[in-house]
Every structure is written in structure tokens, then in C-alpha cells.
């Protein structure tokens, strides 16, 4: 249960669904989302229009709600409920809760933009975890792990449009490692960049294992040493 302010001003008790009936339209904005519209067979990134509305809420809770036995006090928190309706789609409205003020067009668009950016950040964290395979990178030395983490974040930044573009040399190198052939109308995708990261991981893992073997008193086996003649192995990290 929450307390919400209706469109005439008074505060009323109810639930979120009831509060939604008192949302105040604030702004209609244009953005770009991956959606399926009309008779389109598949979702694709395209311009869309969104209606943004909001209303103030008051949440009341006990500070010790998750601390059994602790002495608590009742706290009243002022927040805002923001609804995002993507027009021309069959999507359910997004319902966002924020303690940032949402009283005018600029503040409303800011919350919408912040939420979209946050979602991209969450996706990028998921991608980096998938890329790295934390159990596998344990075989690397610290230098190799740092390199792999850095390049994984470059991939995430490119895939989720966090300021990394195809102009970055790192993106182009990973794409080429993944089999991408430069072409003005063909951008590298997720599979290509992941394949490039995998090849980079294999190289770093190989370096780590060979460096450790070379540091042993007996050194590398003669035939392996002959195969790697001219290849400078980095010293093992302690």
C-alpha cells in the first residue's frame, strides 16, 4: 500500500494500480528502441514515440523490517511513480519508481534516459560475465586477466552504445580476430566480437601456461621450444 496524490491535490491511500489512474501526463518524447510494430515480422531498432506521465507517492515502512529483533522506527519516504508508454507497440507500460523529483518535462525525460542507460549497463555486466567465464580466467596471470577484462568492457561499450564506436582500434581488432572483414555496410555483431574475445582468451591462457612451464628448472620440452622459437614469452606474474 502507498499514499498517492490524486490529480486534484489531496493524498489518498491505495496500491500502485490505483495510483496509476492519477498519473499526470507530462511530456511526449521521441527515442529509438528495438521494437516490433504493426505488421513487422521481427523487432528492429527504430524511432518510436513515448508518453511519459508521473505522480508523487509516499512510502511508509519500518526501518527494522529486515532486521528481526532490532529496534526500528517508522519512516515516510517521498518518491515519484513514472509511467512510460511506448506508442504503436503492444508493450505493457513501464512503471519506474524514483526519489528524484519529477515535476516538469525536463525532469521526466531525465528519469527515462537514466533508466534506459541503467538497463544498458545491466546488460553490459551480463555480457562481460558471459565473455570472461570466471572459472576459466583463473588460469591466467594478473596481466592477462586485466587485458581480458579491459577488452570485454570495450565489447560491452560497443554493443550497448555506451560511447564506444567502430572507430575504436580495439573494436576493429577484436572484430578481425572474430573473422570480420571490414565493410562500410557491415558492422561486427555480438557473435563476431565474442569469437574475437575467445581467441584473445586462448592466446592469454596459452601464454600463462607456457610462461609457467618455461620458468621451471627443466624449462619447456625441446620440441615445444623449437616450435616457439622467436616467440618472446612474458615472465610469469607472482
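Taking the numbered list (1) out of contact with any strand residue (DSSP E or B) (no Cβ under 6 Å at 6 or more places or on another chain); (2) modelled with pLDDT of 90 or more in turn, residue 67 passes all entries but (2).
Can you tell me which residue within the range 21-37, out of those that are in contact (Cβ under 8 Å) with a residue 24 or more places away in the chain, over 28 Å from the mean Cα position of the chain (by Cα) and not in a strand (DSSP E or B), is nearest to residue 102 (Cα to Cα)? Here the answer is 23. A single member of 59, 81, 95 is on the phi < 0 side of the Ramachandran plot, surrounded by 15 or more Cβ atoms within 10 Å (Cβ to Cβ) and assigned to a strand (DSSP E or B), and it is 81.
Here residue 169 does not qualify as over 20 Å from residue 120 (Cα atoms), surrounded by 14 or more Cβ atoms within 10 Å (Cβ to Cβ) and not assigned by TED's automatic domain parsing to the domain that holds residue 34.
Identification of helices (runs of 4 or more DSSP H) wholly contained in the range 151-237 with 1 or more residues that are out of contact with any strand residue (DSSP E or B) (no Cβ under 7 Å at 6 or more places or on another chain) and at pLDDT below 85 yields 190-214, 222-227.
Give the residues of the range 1-34 that are farther than 24 Å from residue 87 by Cα and surrounded by 11 or more Cβ atoms within 10 Å (Cβ to Cβ), sorted by residue number. Correct list: 2, 3, 4, 5, 6, 11, 12, 13, 14.
The values are calculated or read from the model by the stated rules, or taken from the named source; none is laboratory data. Everything numeric in this text was worked out from a predicted model, so none of it was measured. Methodologically, a virtual Cβ is constructed for each residue, glycine included, from the backbone with ideal geometry; neighbour enumeration extends over all protein chains shown.
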